[in-house]
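Colleague: Before anything else, here's the structure in question.
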Amino acid sequence: MPQQEFNVPMSKPDIGIDEIDAAASVLRSGWPTQGRVTEKFESMLSQYLSSNVCVINSGSSALLCALVAHGLKPGDKVAIPAFTFIATSSIPKMLGAQVVVVDSDPCTMNIDPGSLERLLKRYDGGIKFVITVDVAGMPCDIDALVDLAKRYRFTLIEDAAESFGARYKDKLLGSHDHTAIFSFQIAKQITTIEGGCISTSNKKLLQVIRKVRDYGRNEKERYVHDLVGANFRTTDLQSAIGILQLKKAEEYISNRNKIAQEYRIRIKDSIHFQQVPNYVSRHSYMLFFGLTRSKKSRDQLVRHLIAQGIDARKSWTPIHMQPCNPELHRFRCSNAEVIFDCAFTLPIYNAMSRAEARLVIDAFKNAPGIG
Ligand SMILES: Cc1ncc(COP(=O)(O)O)c(C=O)c1O
């Protein structure tokens with residue numbers, strides 16, 4: 001069913017007259033491509049995250065630039081969680097890396113540090129990078145992963161594409177020592193339509209990322225290229241939208257949390273939800289996940305909700321089961337496989353109203369297969 005036919009869509013951007021005016025004013029300025037407005041957006045993001053931020057034209061490109069800047073080489077082994085969106089595996093693979101998958105925690109849906117440690121031992125120092133993912137906007141156990149990174153000497157990259165504004169032990173994701181990437185694609189907590197950024201505590205690395213974003217260009221000689229890079233730049237048109245979105249980020253994330261609480265309190269029956277551990281000071285709910293007891297009841301439920309005009313969706317196919325990853329089909333990640341069978345998402349977005357949330361909750365009445 002196309003999005004406009006749903007009573008409650010999966011996602012809806014909150015782009016208002018202010019964003020339209022800001023974009024129009026950049027167009028009128030005569031310099032719509034990357035320039036001063038993007039610099040301002042970067043400095044506001046750096047302040048918000050208490051870090052050093054480089055804006056990039058998508059979350060995927062941000063992951064690619066981060067891996068290149070950290071020196072990933074073809075053949076390097078990169079561990080990633082089994083339950084994530086496909087970009088987490090496709091980007092390192094496009095750079096020639098060898099991806100290995102780690103099982104996810106069945107309750108939090110995030111990477112399971114215990115499974116990761118077993119894999120690190122099995123590969124005996126062979127894993128160079130671990131890309132962790134904060135699924136749906138919920139921080140993974142950063143302290144546990146940083147501890148593993150020190151003991152097993154790998155580079156930790158946080159794919160926080162879904163998690164702008166989330167907090168781990170009172171600290172915003174993106175303000176830690178390791179490098180993190182975010183996406184500003186249309187369904188995210190803040191959007192530039194398509195876009196993203198990299199946040200790093202390392203100022204030297206920031207300079208390398210900036211170069212990779214702009215063809216590896218030498219600062220003084222425009223047509224001299226020190227590094228192999230490409231065009232991952234954004235536009236001031238988009239950054240003007242991003243600046244206004246960032247000003248509303250706290251309001252957006254707070255509304256997403258209110259909607260999620262409504263769902264958690266009012267949808268009972270036999271539905272479970274993504275478990276939120278104590279170390280999570282704030283989920284940022286890019287997605288809202290529910291879990292049924294079986295694949296059959298999940299499929300019946302999603303069909304029922306769609307028939308009621310609610311854009312409920314099944315979850316991602318795990319990385320090791322994707323047709324584009326035949327070399328990973330030998331991996332067994334039983335928790336991710338159960339999540340795949342039983343998980344579904346419900347609509348959640350920045351300006352979602354209580355009335356819209358109520359339509360979703362009411363659609364659960366008389367739902368088959370969940371009693
Ligand atoms: C975990 C994860 N990584 C990377 C990306 C890629 O971000 P983008 O769509 O901005 O390229 C996404 C997209 O939502 C994602 O969910």
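The values are calculated or read from the model by the stated rules, or taken from the named source; none is laboratory data. Here the structure is a predicted model, which means the values were calculated and not measured. For neighbour counting, all protein chains shown are included, and Cβ atoms are generated from backbone atoms with ideal geometry for every residue, glycine included. All accessible areas refer to the heavy atoms of the entire protein, side chains included, with ligands and DNA or RNA removed. Shrake-Rupley method; radii C 1.70, N 1.55, O 1.52, S 1.80 Å.
Colleague: Kindly provide the set of residues from segment 146-175 that are closer than 19 Å to Arg282 by Cβ, open to solvent by less than 10 Å² (accessible area, probe 1.4 Å) and either away from the ligand (no atom under 16 Å from the Cβ) or outside the structural domain of Thr88 (by TED's automatic domain parsing) (or both), ordered by number.
Modeller: Hit for segment 146-175 is Tyr168, nothing else.
Colleague: Give me a count of the residues in segment 192-208 that are of a type outside the set (S, T, N, Q), crowded, with 24+ Cβ neighbours inside 10 Å and farther than 29 Å from Tyr123 by Cα. Walk me through how you get there before you give the answer.
Modeller: First, the residues of segment 192-208 that are of a type outside the set (S, T, N, Q): 193-198, 203-206, 208.
Filter once more, so that each one left must be crowded, with 24+ Cβ neighbours inside 10 Å: 195-198.
Pick out the ones that are also farther than 29 Å from Tyr123 by Cα and you get 195-197.
The total comes to 3.
Colleague: How many of the residues making up segment 176-208 are over 18 Å from Met286 (Cβ atoms) and among the small types (Gly, Ala, Ser)?
Modeller: 1
Colleague: Can you pull out the residues in segment 121-130 that are free of Cβ contacts under 8 Å to residues at least 60 places away in the same chain and either aromatic (Phe, Trp, Tyr) or surrounded by fewer than 22 Cβ atoms within 10 Å (Cβ to Cβ) (or both)?
Modeller: Lys121, Arg122, Tyr123, Asp124, Gly125, Gly126, Lys128
Colleague: Here's something else I'd like to know. Among the residues of segment 246-279, how many are open to solvent by 20 Å² or more (accessible area, probe 1.4 Å), among the β-branched types (Val, Ile, Thr) and outside any helix (DSSP H, G or I)?
Modeller: Keep residues of segment 246-279 that are open to solvent by 20 Å² or more (accessible area, probe 1.4 Å), which gives 247-248, 250-251, 254-255, 257-258, 261-262, 264-266, 268-269, 272-273, 275-279.
Filter again for among the β-branched types (Val, Ile, Thr), leaving 265, 276.
Retained after the next criterion (residues that are outside any helix (DSSP H, G or I)): 276.
The qualifying residues number 1.
Colleague: Sticking with this one: Which one of Leu346, Leu305 is aliphatic (A, V, I, L, M), more than 15 Å from Tyr285 (Cβ to Cβ) and touching a residue at least 40 places away in the same chain (Cβ under 8 Å)?
Modeller: From the options Leu346, Leu305, the qualifying one is Leu305.
Colleague: Which residues, taken from segment 183-226, are assigned to a loop (DSSP other than H, G, I, E, B), touching a residue at least 24 places away in the same chain (Cβ under 8 Å) and away from the ligand (no atom under 16 Å from the Cβ)? Please lay out each step first, then the result.
Modeller: The initial filter retains those residues of segment 183-226 that are assigned to a loop (DSSP other than H, G, I, E, B), namely 184-195, 201-202, 215-216, 218-224, 226.
From the residues that got through so far, the ones that are touching a residue at least 24 places away in the same chain (Cβ under 8 Å) too are 184-195, 201-202.
Listed by number, the residues that qualify are Ser201, Asn202.
Colleague: If you don't mind, another one. Considering segment 16-57 alone, what residues qualify as being touching a Ser or Thr at 6+ places or on another chain (Cβ under 7 Å), closer than 17 Å to Ile198 by Cβ and open to solvent by 20 Å² or more (accessible area, probe 1.4 Å)?
Modeller: Gln34, Ser50, Asn52, Asn57
Colleague: Can you name the condition, by its number, that Gln189 falls short on among (1) under 15 Å from Ser58 (Cβ atoms); (2) in contact with a Gly (Cβ under 7 Å, 6 or more places away or on another chain); (3) open to solvent by less than 10 Å² (accessible area, probe 1.4 Å)?
Modeller: For Gln189, the failing item is (1).
Colleague: Which condition from (1) open to solvent by less than 10 Å² (accessible area, probe 1.4 Å); (2) in contact (Cβ under 8 Å) with a residue 60 or more places away in the chain is the one that Val133 breaks?
Modeller: Every listed condition holds for Val133 apart from (2).
Colleague: So, one more: In segment 349-365, what residues are touching a residue at least 40 places away in the same chain (Cβ under 8 Å) and assigned to a loop (DSSP other than H, G, I, E, B)?
Modeller: Tyr349, Asn350, Ala351, Met352, Ala363, Phe364
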